[in-house]
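The values are calculated or read from the model by the stated rules, or taken from the named source; none is laboratory data. All values derive from a computational prediction rather than experimental measurement. Here Cβ is always computed from backbone atoms with ideal geometry, including for glycine, and neighbour counts include all displayed protein chains.
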Amino acid sequence: MVLNENDRELIEACQRGDPEAFALLFDANSDKIYSIALRYAGDEAAAMDIAQDTFLKLLSHIGQFRSDAKFDTWLYRLVVNSCLDHQRRKRKLRPLLDGLLDAVCTVHETVLHELLRQERKEAVHDVVAKLPPEQRIVVILRYMEDLSYEHIADIVGCSIGTVSSRLNRAHKVLERRLSHLRRQGGTGRA
């Protein structure tokens, strides 16, 4: 998104603290931010948390945006940072939550969970969700947001070669894990 004159005015109004301008900026970008967060987290509640965190960052850091930069790259960077922050917080809570879930999980929930896991779409999302965060985010930005390597490099803050390398490693993991699922008729774990 190259800023046109109206977009520049909107961002400048946000930088001056205009709540109506921020509401317009929120409306213009909320679906995109939530979509990326949902694809990264794979969970609606987590995606809402990530989107909310992103908008809090946007609100508090809009004054740091330079109009000579691309706004969408800057905004994607905020989303990526929120996704990675969420991952770090989740990693700290994981052992506690796993024990709690094991204690309360019923047989019926386990059977339903296994049936849902058989669907190929869910299996792919599951495998992508298990990628390391730096690989997962480039897969999401490349294949779900259809961004160029150059744009991804700007967003993630690395070279195009690093983006290519991360995608290559992710491809190898996805190929190995998805072929394993295919051999088992889509019922195995990634």
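Worth pointing out:
- Test: residue in region 149-163 that is at pLDDT 90 or above, surrounded by fewer than 19 Cβ atoms within 10 Å (Cβ to Cβ), of a type in the set (Ser, Thr, Tyr) and in a loop (DSSP other than H, G, I, E, B): yes
- Consider region 60-89 and keep the residues that are within 20 Å of residue 9 (Cβ to Cβ) and without any contact (Cβ under 8 Å) to a residue 40 or more places away in the chain. The one that is farthest from the chain's Cα centre (by Cα) is 68.
- Qualifying residues in region 24-57 (those that are surrounded by 15 or more Cβ atoms within 10 Å (Cβ to Cβ) and hydroxyl-bearing (Ser, Thr, Tyr)) - the one modelled with the lowest pLDDT: 40
- Subset of region 14-23 that is in a helix (DSSP H, G or I) and surrounded by fewer than 16 Cβ atoms within 10 Å (Cβ to Cβ) - its residue that is nearest to the chain's Cα centre (by Cα): 23
- Among the criteria (1) touching a residue at least 24 places away in the same chain (Cβ under 8 Å); (2) on the phi > 0 side of the Ramachandran plot, the one residue 17 does not fulfil is (1).
- Scanning region 136-146 for residues that are of a type in the set (D, E, K, R), at pLDDT 65 or above, within 29 Å of residue 59 (Cα to Cα) and not in a helix (DSSP H, G or I) turns up at least one hit.
- Any hit, region 58-70, residues being over 21 Å from residue 137 (Cβ atoms), acidic (Asp, Glu), touching a Ser or Thr at 6+ places or on another chain (Cβ under 8 Å) and surrounded by fewer than 20 Cβ atoms within 10 Å (Cβ to Cβ): no
- Scanning region 148-175 for residues being touching a residue at least 12 places away in the same chain (Cβ under 8 Å) and either under 15 Å from residue 83 (Cβ atoms) or not acidic (Asp, Glu) (or both) gives a total of 14.
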